[in-house]
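Here the structure is laid out as structure tokens; the discussion comes afterwards.
The values are calculated or read from the model by the stated rules, or taken from the named source; none is laboratory data. Note that the structure is predicted; figures quoted are calculated from it, not measured. Methodologically, a virtual Cβ is constructed for each residue, glycine included, from the backbone with ideal geometry; neighbour enumeration extends over all protein chains shown.
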């Protein structure tokens with residue numbers, strides 16, 4: 001070996017080991033030059049992180065991201081993704097979680113305790129509602145559902161026990177878009193101690209700024225984002241994030257996240273970092289395709305109603321138009337109730353380009369039928385069967401033709 005190989009960057013001289021020994025393979029003195037740079041961020045993976053001294057080990061802290069202590073608390077790779085997501089969301093702090101659902105549950109566990117109450121919109125993401133009904137309930141946290149399209153429904157449930165209010169825009173599956181500024185103003189006025197949290201997966205940090213809802217000082221306290229969807233864009237990564245601006249709120253969330261031992265794989269972080277620059281382009285393309293499909297679907301006799309916030313007549317369209325510049329590539333078809341659930345299932349089964357599967361935001365279009373009966377406890381009821389469509393990156397004319405042949409089977 002060359003005797004002029006770079007030494008340990010700490011300045012300590014790494015002793016030479018005898019050739020052909022395991023020690024020489026583990027404690028090798030070579031260090032690559034530090035000035036390498038490319039379009040893709042480096043992948044730093046670790047459980048153990050080395051310290052140059054005991055004093056440094058005792059002095060370092062990870063929570064402000066000024067240093068590295070243990071792989072679970074972050075590496076340069078995860079810190080880079082968190083910083084870029086903070087820019088996307090208009091936040092100051094971001095925490096990564098293993099999935100969107102885990103990000104939701106971290107918020108609940110960090111901010112709620114026995115005797116508290118949490119409010120959720122009736123059209124909230126189903127697993128979040130289930131976590132509230134089961135785990136939070138057994139820990140002594142009560143909850144109520146409110147109709148997000150009726151601000152008075154929220155106002156009637158705000159009291160001194162409410163410590164967390166969840167918002168969702170647009171609503172899960174049925175895609176109602178609420179008057180977010182009105183809901184936030186109500187919460188600030190009637191429950192000033194409550195934290196306001198928004199599931200911002202649909203907006204992806206692009207459709208609107210959740211921390212600045214059109215008025216000075218008006219915005220949510222935190223957002224969660226299922227990075228599994230649009231930021232990943234490939235249908236192959238599970239990850240979530242929590243974003244906020246307030247330092248104290250971040251500390252509460254970060255320490256709960258740490259105590260739960262939640263971490264993300266750096267190879268998954270690498271995939272997110274690679275996909276993130278194309279996020280605005282993909283979101284815009286899928287938005288445009290979904291609007292074309294929505295306008296076409298409205299005219300089909302088998303479809304009773306098309307739910308898509310950017311479509312006039314869809315619930316909350318006026319709220320979307322007042323706040324947003326874009327929309328996610330999701331739409332839901334309310335099939336005419338003369339068609340049975342079995343017929344609608346057969347319609348979905350016979351689609352050629354739309355695959356059957358959960359999630360959205362990837363390159364492949366997806367279709368999932370939902371039985372509308374019992375889906376909502378409050379607000380607008382839906383008849384028949386709903387079919388949620390996630391629009392991918394296929395040619396829009398191919399997708400329209402596919403839906404046309406599938407809908408024709410309903411009357412066949």
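For region 255-299, give me the residue count where each residue is buried (at least 21 other Cβ atoms within 10 Å of the Cβ), touching a strand residue (DSSP E or B) at 6+ places or on another chain (Cβ under 6 Å) and closer than 23 Å to residue 82 by Cα.
Qualifying residue count, region 255-299: 2.
Over 25 Å from the mean Cα position of the chain (by Cα) and surrounded by 15 or more Cβ atoms within 10 Å (Cβ to Cβ): which single residue out of 191, 169 fits that description?
Details: 169 fails: over 25 Å from the mean Cα position of the chain (by Cα).
So the residue among 191, 169 that is over 25 Å from the mean Cα position of the chain (by Cα) and surrounded by 15 or more Cβ atoms within 10 Å (Cβ to Cβ) is 191.
Being crowded, with 18+ Cβ neighbours inside 10 Å and under 18 Å from residue 265 (Cα atoms) narrows it down to one residue among 47, 102; which is it?
Details: 47 fails: crowded, with 18+ Cβ neighbours inside 10 Å.
So the residue among 47, 102 that is crowded, with 18+ Cβ neighbours inside 10 Å and under 18 Å from residue 265 (Cα atoms) is 102.
Among the helices (runs of 4 or more DSSP H) contained in region 21-95, which hold 2 or more residues that are in the same structural domain as residue 221 (by TED's automatic domain parsing) and within 30 Å of residue 209 (Cβ to Cβ)?
Numbers: elements: 22-26, 54-59, 76-89.
Once the helices (runs of 4 or more DSSP H) in region 21-95 are filtered for at least 2 residues that are in the same structural domain as residue 221 (by TED's automatic domain parsing) and within 30 Å of residue 209 (Cβ to Cβ), what remains is 76-89.
Only residues that are surrounded by 23 or more Cβ atoms within 10 Å (Cβ to Cβ) and farther than 13 Å from residue 389 by Cα: list them for region 316-343, please.
Of everything in region 316-343, those that are surrounded by 23 or more Cβ atoms within 10 Å (Cβ to Cβ) and farther than 13 Å from residue 389 by Cα turn out to be 320, 327.
Which one of the conditions (1) surrounded by fewer than 20 Cβ atoms within 10 Å (Cβ to Cβ); (2) touching a residue at least 12 places away in the same chain (Cβ under 8 Å); (3) in a loop (DSSP other than H, G, I, E, B) does residue 346 fail to meet, given that it meets all the rest?
Here residue 346 meets the rest and fails (3).
Going through region 125-148 one residue at a time, which ones are modelled with pLDDT of 95 or more and in a loop (DSSP other than H, G, I, E, B)?
139, 140, 141, 147, 148
Just checking, does region 107-123 include any residue being touching a strand residue (DSSP E or B) at 6+ places or on another chain (Cβ under 7 Å), modelled with pLDDT of 95 or more, part of a helix (DSSP H, G or I) and closer than 22 Å to residue 209 by Cα?
Within region 107-123 (the criterion being touching a strand residue (DSSP E or B) at 6+ places or on another chain (Cβ under 7 Å), modelled with pLDDT of 95 or more, part of a helix (DSSP H, G or I) and closer than 22 Å to residue 209 by Cα), the answer is yes, since at least one residue qualifies.
Quick one: which residue in 309, 363 is in the same structural domain as residue 394 (by TED's automatic domain parsing), in a loop (DSSP other than H, G, I, E, B), buried (at least 18 other Cβ atoms within 10 Å of the Cβ) and at pLDDT 95 or above?
Details: 363 fails: buried (at least 18 other Cβ atoms within 10 Å of the Cβ).
Just one listed residue meets the conditions, 309.
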